[in-house]
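The structure under discussion appears below in the form of structure tokens.
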Amino acid sequence: MEKLCTCCKKGFIPHPAVSNQSYCGEPECQKARKRQWQREKLAKDSAYRENQDTAQREWCSRNKDYWKGYRKRNPAYAERNRIGQRERNRTKRTKLRVAKMDELRVENLVIPGRYRLVPLGNQMIAKMDELIVEIGVISRGCGIGVQGP
């Protein structure tokens with residue numbers, strides 16, 4: 001029974017020993033099959049991912065000048081990469097970084113100085129790592145200070 005190749009969409013007859021074959025035998029389709037397999041393996045298998053990272057680091061240490069030579073042999077790649085990096089840098093500089101969705105946008109909401117922190121009520125905690133406190137400003141001239149142990 002003929003099947004359609006996942007890559008090239010052409011019909012092919014699967015090998016009898018491979019029950020769920022979805023790629024034909026063409027070299028480009030087999031490369032696509034391997035790339036898909038590697039993507040899935042990297043996403044699911046941490047040991048495989050670590051092994052690949054180690055192998056890549058070792059290869060890079062043995063071939064230190066590879067990318068310098070590659071950019072020299074492929075100026076179009078180097079230019080495309082240069083343009084892309086400029087765009088990534090511009091996006092990174094202009095991206096608004098917000099810690100919380102309900103962040104206050106008022107500058108200097110609290111005047112710098114010494115403050116007394118007092119917990120509210122029955123240990124009302126909004127998040128496990130957050131303590132709700134009342135902030136009261138202590139006047140500089142009142143002579144009250146924090147006593148150490």
Residue match in the range 12-31 (condition: at pLDDT 95 or above and within 27 Å of residue 81 (Cα to Cα)) | yes
Subset of the range 22-60 [assigned to a helix (DSSP H, G or I) and of a type in the set (Asp, Glu)] | 28, 40, 50, 53, 58
Inspect the range 10-21 for any residue being hydroxyl-bearing (Ser, Thr, Tyr), surrounded by 10 or more Cβ atoms within 10 Å (Cβ to Cβ) and in a loop (DSSP other than H, G, I, E, B) and give the result as yes or no.
-> no
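The values are calculated or read from the model by the stated rules, or taken from the named source; none is laboratory data. All values derive from a computational prediction rather than experimental measurement. All Cβ positions, glycine included, derive from the backbone under ideal geometry; neighbour counts span all protein chains shown.
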